[in-house]
Amino acid sequence: SLPPGLKLENITFGFRENPEANIRVEKFTMMPRLLRYVSGRSAFAVNAIAYSGSLKGFVDFPGFSLQQPPAKAEIIFDGLTIEKCAYLKDKLGRGITGKLGGTFIFTGDSQLDFTIQKGSYQLLESLFGFERLDFNKVEGQLTIKGGVLRIVKLRLTGDKINCSLKGEIMLKSDLKNSEINLNGTMEIASLNKKMSMLLTGTMGRVQTKYI
């Protein structure tokens, strides 16, 4: 027999170390994918509304048991107002605003393709007179394998500044302590200046060297 579907509203996921850094979901539904059950797999379609945006996709398991990790999952998200997410601000250790959209794919390893429209990224230290990076668009492609987050592409474009990065981040349970090794370029329109840069240190304490 098929498992029942699930419908929830006004869900809050809290964390013991910091209950205020939570994740809120307005509506969540999970329904069986009938054709997958015919082929001998547990599979669910998921839909959610959160942070003024939407998420939809599926999760497939290798068999009928849900005790094993998923074999495949894909989630498409759109229009998420990221400054409303207290969990993200806590993990990044700084403020970021904008509308987030993209796709997350899991097949044992993970890949995230995303864009953030019309927002800003808070800097912990002043950068050429900037206290934050205002942008029109951020585009990114990230992969995660064996505890290493690889930034394939990360590009920020704005009226005053353009920036691109790539490299690797060694993930820790507390993201602020994750070790980074990134390189890229930065263009500052007001200074008519383009430079290369190296980023090392941790997510919470970045050390930047300009070349």
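The values are calculated or read from the model by the stated rules, or taken from the named source; none is laboratory data. Keep in mind the model is a prediction, meaning the values are calculated, not measured. Neighbour counts run over all protein chains shown; Cβ positions are idealised from the backbone, glycine included. To get the accessible areas, we keep the full protein, side chains included, count just its heavy atoms, and leave off ligands, DNA and RNA. Shrake-Rupley method; radii C 1.70, N 1.55, O 1.52, S 1.80 Å.
Within the range 46-63, restricting attention to residues that are open to solvent by 20 Å² or more (accessible area, probe 1.4 Å), of a type outside the set (Ser, Thr, Tyr) and outside any strand (DSSP E or B), which residue is farthest from Thr12 (Cα to Cα)?
Pro62
May I ask you to say which residue of Gly167, Gly119, Gly79, Gly98 is in contact with a Phe, Trp or Tyr (Cβ under 7 Å, 6 or more places away or on another chain), in a strand (DSSP E or B) and touching a residue at least 12 places away in the same chain (Cβ under 8 Å)?
Only one candidate passes the filter, namely Gly119.
Looking at (1) surrounded by fewer than 18 Cβ atoms within 10 Å (Cβ to Cβ); (2) free of Cβ contacts under 8 Å to residues at least 40 places away in the same chain; (3) not in a loop (DSSP other than H, G, I, E, B), which is the only condition Lys176 fails?
If we test Lys176 against (1) surrounded by fewer than 18 Cβ atoms within 10 Å (Cβ to Cβ); (2) free of Cβ contacts under 8 Å to residues at least 40 places away in the same chain; (3) not in a loop (DSSP other than H, G, I, E, B), just (2) comes out false.
I need the full set of residues from the range 121-135 which are open to solvent by 50 Å² or more (accessible area, probe 1.4 Å) and not aromatic (Phe, Trp, Tyr), in order please.
Of everything in the range 121-135, those that are open to solvent by 50 Å² or more (accessible area, probe 1.4 Å) and not aromatic (Phe, Trp, Tyr) turn out to be Gln122, Leu124, Glu125, Ser126, Gly129, Glu131, Arg132, Asp134.
Since Lys193 meets every condition but one in (1) at pLDDT 95 or above; (2) farther than 30 Å from Pro70 by Cα; (3) open to solvent by 50 Å² or more (accessible area, probe 1.4 Å), which condition does it not meet?
In the conditions (1) at pLDDT 95 or above; (2) farther than 30 Å from Pro70 by Cα; (3) open to solvent by 50 Å² or more (accessible area, probe 1.4 Å), Lys193 misses (1) alone.
Filter the range 132-160 for residues that are of a type outside the set (A, V, I, L, M), in contact with a Leu (Cβ under 6 Å, 6 or more places away or on another chain) and assigned to a strand (DSSP E or B); which is modelled with the lowest pLDDT?
Among residues in the range 132-160 that are of a type outside the set (A, V, I, L, M), in contact with a Leu (Cβ under 6 Å, 6 or more places away or on another chain) and assigned to a strand (DSSP E or B), the one modelled with the lowest pLDDT is Arg132.
Any idea which residue in the range 179-190 is surrounded by the most Cβ atoms within 10 Å (Cβ to Cβ), counting only those that are of a type in the set (A, V, I, L, M) and under 14 Å from Phe130 (Cβ atoms)?
That would be Met186.
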